[in-house]
Amino acid sequence: ICFLIRDPKGEFEFQDVLPGTYRLQVKGGGFNEPNRISARRTLEVGDSDIEGVELTPGQSRSLSGRVIAPEGRKLQPGLMVVLASRDAGDTQAGGVAQVGADGAFTIPQVAPGEYDVAIGSTTDGEDDAYIQAIRMGDADALAEGVHVGEGQVPLLDIVLKPNGGAAECTVTDDKGDPVPGASILVAPDAPRQRQAALFGECHTRPDGTCKVVGITPGEYHVYAFPAGTGIDRRDPDALKPFEKYGEAVKFAEGERKLLNLKAAPTE
């Protein structure tokens, strides 16, 4: 549902909204990008009316920072910094930036909100570097996420360390045949389950194998899902139905684990 708010007080009303989870978003400021303002929040609609919903739009900000390579190393080519909303189900907020050879990056026009940051790559190289820390000023952005609000956004430092763990996975069906296209998810255990940058994933080849490298040391569960399965790892309850299918694994620096997995049923 979308409509233009013409009320000078900024008041609005949606009628006949069915029960469910919705994302309410307001934008303003015309076509001039630097002057655009926005706000967003998630609403749970039930059987009764919701009144008094307030949104305070703020100006979009640029988020800049640097990826710090391990001492004596250069950064892997093709690195990307990915900024995603901390709200489960929100696929629109955030942004992506290419990392320069010097590690610098800038994500423009980030709307006010709470985000997680992670690193991706456009290349297929196996880099064993793992994320040791993510700092935003004095804040631990790895654990607490990234806050974009009023005022200048502090620089974001993503610190890499060498010799991360590796999971070499093989997925087979009940007959022992390889399962191609399965989704492997390496998920950190509590208390780190909200630290998006620590998740790892890969997709099995025709022989049912794939590898996740650069795993930050610690305790994890590793899951295998059939091709096309959608798991929103920001939802704290998303993996609960599959807990008994996950393989508990603890990775030390440089430790390589060989894992034989069965794809979890999704129906």
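Does region 107-124 hold any residues that are in a strand (DSSP E or B) and more than 10 Å from the chain's Cα centre (by Cα), and which are they? Step through it out loud before you land on a result.
Looking only at region 107-124, we keep the residues that are in a strand (DSSP E or B), and these are 107-110, 113-121.
The answer is Ile107, Pro108, Gln109, Val110, Gly113, Glu114, Gly120, Ser121.
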Checklist entry - Would you pick out the residues in region 175-192 that are open to solvent by 30 Å² or more (accessible area, probe 1.4 Å) and under 16 Å from Tyr130 (Cα atoms)? => result Arg192
Item to check | Top-ranked residue in region 96-144 [being exposed (fewer than 12 other Cβ atoms within 10 Å of the Cβ) and hydroxyl-bearing (Ser, Thr, Tyr); ranked as nearest to Gly65 (Cα to Cα)] | outcome: Thr122
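Go through region 252-265 and report how many residues are open to solvent by 50 Å² or more (accessible area, probe 1.4 Å) and of a type in the set (A, V, I, L, M). Reasoning before the result, please.
Taking region 252-265 first, the residues open to solvent by 50 Å² or more (accessible area, probe 1.4 Å) are 253, 255-258, 260, 262, 265.
Applying the additional criterion that residues be of a type in the set (A, V, I, L, M) yields 258.
Number satisfying all stated conditions: 1.
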Item to check | Residues satisfying the stated conditions in region 193-251, i.e. open to solvent by less than 80 Å² (accessible area, probe 1.4 Å) and in contact with a Cys (Cβ under 8 Å, 6 or more places away or on another chain) | outcome: Cys202, Thr204, Thr209, Cys210, Lys211, Val212, Val222, Ala224
Checklist entry - Are there any pairs, at least 6 apart or on different chains, whose C-beta atoms fall under 7 Å, with the first in region 211-222 and in contact (Cβ under 8 Å) with a residue 24 or more places away in the chain and the second open to solvent by 20 Å² or more (accessible area, probe 1.4 Å) and part of a strand (DSSP E or B), and if so, which? => result Lys211/Glu168; Val212/Glu201; Glu219/Lys250; His221/Glu247; His221/Ala248; Val222/Glu247
Checklist entry - Does region 224-246 include one or more residues that are under 30 Å from Arg73 (Cβ atoms), modelled with pLDDT of 90 or more and over 16 Å from the mean Cα position of the chain (by Cα)? => result no
Next on the checklist: Any residue that is more than 20 Å from Gln76 (Cα to Cα) and either aromatic (Phe, Trp, Tyr) or under 16 Å from the mean Cα position of the chain (by Cα) (or both) - is there at least one of those in region 165-172?
Outcome noted: no
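The values are calculated or read from the model by the stated rules, or taken from the named source; none is laboratory data. Fair warning: this is a prediction, and the values are worked out from it, not measured in the lab. Glycine also receives a Cβ, built like all others from the backbone with ideal geometry; neighbour counts cover every protein chain displayed. Accessible surface areas use protein heavy atoms only, side chains included; no ligands, DNA or RNA. Shrake-Rupley method; radii C 1.70, N 1.55, O 1.52, S 1.80 Å.
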